[in-house]
Amino acid sequence: MLLRNWNRLNGKQIAKFLKRLKLKPEEPVIKIKRLRFIISEPIALVTTYLPYKICPSLLGEDLTNQSLYGVLEGKYNLKIAHGRRSLEAVAADKQTAALLGVKVGTPLMLLNSISYLKDGRPIEYFSALHRGDRSKFVVSLIRVRNRSTTSVNKNLFLIFVLQILYYLDHISI
């Protein structure tokens, strides 16, 4: 879906992803909204925004059975180099509850992310609502040293790796 009409969103939403994607209000954005399933059970609702000018023909792609990142890299040579994600607990609103098959007020995990290309340009902003009763977030910590600096405070970098596990009854996927 190509989002050209900013009036469909409230001012707070517009400001949030315009700022993160470093776009002007008149620049078009691609909006992709996907309901993700595991074994026919809805597990997450993901809304992604990408600058139209970077990948305009993405609108013609069928992302039903392929990775967005795979398409961006394979067809557009856009490789995501790094990103920043935040995680918080939220309650399901009426619309989200209906899509995810849960009751209004059910705990969800909201994952917001901004991803960047190697040259520092932001390529993607997404917001994902994961069912709290079917999701587990695991964070791994990796210690990396930068030998090009001499200061003790500057040569230690910690990298966090986020892994999302989904559960259906007693089956871990």
Per-bin percent of Cα-Cα distances, the range 2-133 [5 Å] | 2, 10, 18, 21, 20, 17, 9, 3, 0
Going by how many other beta carbons lie within 10 Å of each one, how would you line up E124, E26, fewest first?
-> E26, E124
Using Cα pairs under 8 angstrom and six or more residues apart, how large is the relative contact order of the range 2-133, in percent?
-> 25
Just rank R134, R121, R20, fewest to most, by other beta-carbon atoms within 10 angstrom.
-> R121, R20, R134
Taking the Cα-to-Cβ direction at K19 and at E61 and moving 7 Å from each Cα, how far apart do the two end points lie in nm?
-> 2.8
Using 1/(1 + (r/R0)^6) with R0 = 35 angstrom and r between the beta carbons of I142 and I39, what's the FRET efficiency to the nearest 0.05?
-> 0.65
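We did not get these values from a lab; they are worked out from the coordinates using the rules stated. What you are looking at is a predicted structure, and each value in this text was computed from that prediction instead of being measured. Neighbour counts are summed over all protein chains in view; Cβ atoms, including those assigned to glycine, are modelled from backbone coordinates with ideal geometry.
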